[in-house]
1. Quick check on segment 207-222. Is at least one of its residues within 21 Å of the chain's Cα centre (by Cα), assigned to a loop (DSSP other than H, G, I, E, B), touching a residue at least 40 places away in the same chain (Cβ under 8 Å) and surrounded by fewer than 19 Cβ atoms within 10 Å (Cβ to Cβ)?
2. Need pairs with beta-carbon distance below 7 Å; first residue closer than 28 Å to residue 508 by Cβ and within segment 273-299, second open to solvent by 40 Å² or more (accessible area, probe 1.4 Å) and β-branched (Val, Ile, Thr); sequence gap 6+ or separate chains.
3. Given the condition open to solvent by less than 50 Å² (accessible area, probe 1.4 Å), more than 16 Å from the ligand (Cβ to nearest atom) and not hydroxyl-bearing (Ser, Thr, Tyr), answer yes or no: does some residue in segment 312-322 qualify?
4. Among the numbered criteria (1) closer than 21 Å to residue 470 by Cβ; (2) within 10 Å of the ligand (Cβ to nearest atom), which single criterion is violated by residue 359?
5. Can you tell me which residue among 185, 150, 170 is farther than 25 Å from residue 227 by Cβ, touching a residue at least 24 places away in the same chain (Cβ under 8 Å) and among the acidic types (Asp, Glu)?
6. If we keep just the residues of segment 342-356 that are farther than 14 Å from residue 317 by Cα and more than 15 Å from the ligand (Cβ to nearest atom), which is least open to solvent (accessible area, probe 1.4 Å)?
7. For segment 276-293, enumerate the residues that are β-branched (Val, Ile, Thr) and either over 14 Å from residue 261 (Cα atoms) or surrounded by fewer than 16 Cβ atoms within 10 Å (Cβ to Cβ) (or both).
8. Quick one: count up the residues across segment 418-462 that are away from the ligand (no atom under 13 Å from the Cβ), under 30 Å from the mean Cα position of the chain (by Cα) and not aliphatic (A, V, I, L, M).
Amino acid sequence: MICIPVTAGAHEEALRAAERSALVADAVELRMDLIEDGDLSQLMGAARRANVCVKIIVTCRRHEESLVPDEKNPVARKKEMTDKARTDLLKQAVLLGADFVDMELASGEKAIRRMKSFCHAQKSSTRIIVSWHDVSKTPSLAALKIIFQDCAKTGADVIKIVPYARCGADNLKVLRLIDYAKQNDQTIITMCMGEKGKVSRALAPLWGSYLGFAILPGGRPSAPGQMTLGAMKQVRDLLQDDSPEIPTGPAISSTQHFVLLGNPVLHSLSPLMHNAALPVMQIKEHYSAFLVTDIASAVQAIRGMNIRGASVTIPFKTDVMAYLDEMDPAAIAVGAVNTIVNHEGRLIGYNTDWLGLTQSLKERTDIAGKTFAILGAGGTARAAAYGIQKEGGRPVIVNRSQPRGMALAARFACPFYPLADISRVRAHGLINTTSVGMFPDLDQSPVDAALLKGYKVVMDVIYNPLQTRLLRDAEALGCKIISGLEMFVQQGAGQLKLWTGKDAPLALMKQVVREELKKREV
Ligand code: NAP
């Protein structure tokens, strides 16, 4: 598992970092000793809403176990907390349902056991990481084993031992410590801090360390030597010998300055739409679809070949976030990137799906003050909920599977109804974000026609076919209808605007896509 420590100095910045990290990592560590005025409940909520499966570790490190800030380790430390304040904070983490709380061995066996009893009394599943750090050296393997045994004596669920590497050989000591932990049937997190400890940071999780720590591009390390998440994943892929093949598909030539990264991309209409628009916008560059098997390499190619911009589609919209330098706040809120802008070597991730959806809705109806039922709870539903809320509307989530629907509703603090109860929903508009009714299932609809009567507007994000069964039923009942074609064109126009700063020729784009879809329908 890869964990990203949240080290941002101020609460608001930490909230964004927690959200962004939870989207791309297996675990996030909330470093409450570094976040000034950090509200633990809000930070945990932000991480969970972004990714219900993410593991949350709450840590409140003592000063003597974290490095003194310097140029290489610039994270400012806040005032040292008292033991009582630290314990209270960790108890709060337990009550809030953290997966792990980190206590230093130096807290003492009694304090650690008291925390265990507290977890037990609360019937909490929070586990305790008992940690030990040496910020100046790596002791001998024999000494590390004694420290390991001291940690084990406290009843630790997980032991964390992190010394400082002064030479390459120190890395081998922690790897051998992992073997020792395995012999003792004990879960361990270990690696070396410092530039010379980088090898162990990459290798230890593969060797058997429960976690490895990485940072997001542009993020602040909580300890020296931390690699970016992207670099760590690349090393992992290489060493596990199951690294995906080199991306196939057309090579990028110097005239192909915008690309689509996805898999599959063969039937994508984006190249047709963008290549119709670019010459009219007086932009000479070309847009090409690029079949990707390894998103990390594809992002490297964008950097290396100075590609101006990229669209990102299924299945990489979330994974790509790990490799970008910066993220637009809307992309973080939606939890997906569909557009990359290369800004003088810095890759910035955006999401224009929500923009496309709200733009096409706004052309037919007001959003502010109105309620919209959103069918589905996937990435597009998330974009829809974000966009509707941003425009002052009220989303209601309706989904087949309850856990997924409820998680999305919780994220946007809005009501949820199971799809089977859709007759109870009262709303101005209905937006289908499921794939029900998509080609070739032309006669399927996610909702019985009779239930559409109460809606003034019905939108389908599907654009193949141009008019789905849902839209045909809604039109017959007198509802205003909006096809997914509108959203597709608007999200594309949003991409072109981000890449070039110019307004896109919407009518032309719609025309070429509509004509192509009509040909395909024959
Ligand atoms: P996704 O993440 O896979 O989510 C799909 C959702 O549909 C899930 O909530 C799923 O419910 C639900 N669903 C699937 N089959 C269903 C069925 N038979 N009955 C009821 N519910 C069902 O997909 P996505 O990325 O959000 O994409 C959804 C659609 O949006 C795709 O058709 C895509 O092409 C389209 N899209 C269009 C545009 C555009 O520009 N027009 C842009 C982006 C996406 P469960 O949670 O119960 O599984």
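1. Scanning segment 207-222, I find at least one residue that is within 21 Å of the chain's Cα centre (by Cα), assigned to a loop (DSSP other than H, G, I, E, B), touching a residue at least 40 places away in the same chain (Cβ under 8 Å) and surrounded by fewer than 19 Cβ atoms within 10 Å (Cβ to Cβ), so the answer is yes.
2. 285/255; 286/255; 291/248
3. The answer is yes; a qualifying residue exists.
4. Going through (1) closer than 21 Å to residue 470 by Cβ; (2) within 10 Å of the ligand (Cβ to nearest atom) one by one, residue 359 breaks only (2).
5. Working: 185 fails: touching a residue at least 24 places away in the same chain (Cβ under 8 Å); 170 fails: farther than 25 Å from residue 227 by Cβ.
Just a single option satisfies the conditions, and that option is 150.
6. 347
7. Filtering segment 276-293 down to residues β-branched (Val, Ile, Thr) leaves 280, 283, 292-293.
280, 283, 293 - these are the residues of segment 276-293 that are β-branched (Val, Ile, Thr) and either over 14 Å from residue 261 (Cα atoms) or surrounded by fewer than 16 Cβ atoms within 10 Å (Cβ to Cβ) (or both).
8. The qualifying residues number 1.
The values are calculated or read from the model by the stated rules, or taken from the named source; none is laboratory data. From a predicted model like this one, the values you see are computed outputs, not experimental measurements. Cβ coordinates were reconstructed from backbone atoms using ideal geometry, including for glycine residues, and neighbour counts include every protein chain displayed. Only protein heavy atoms, including side chains, enter the accessible area calculation; ligands, DNA and RNA are left aside. Shrake-Rupley method; radii C 1.70, N 1.55, O 1.52, S 1.80 Å.
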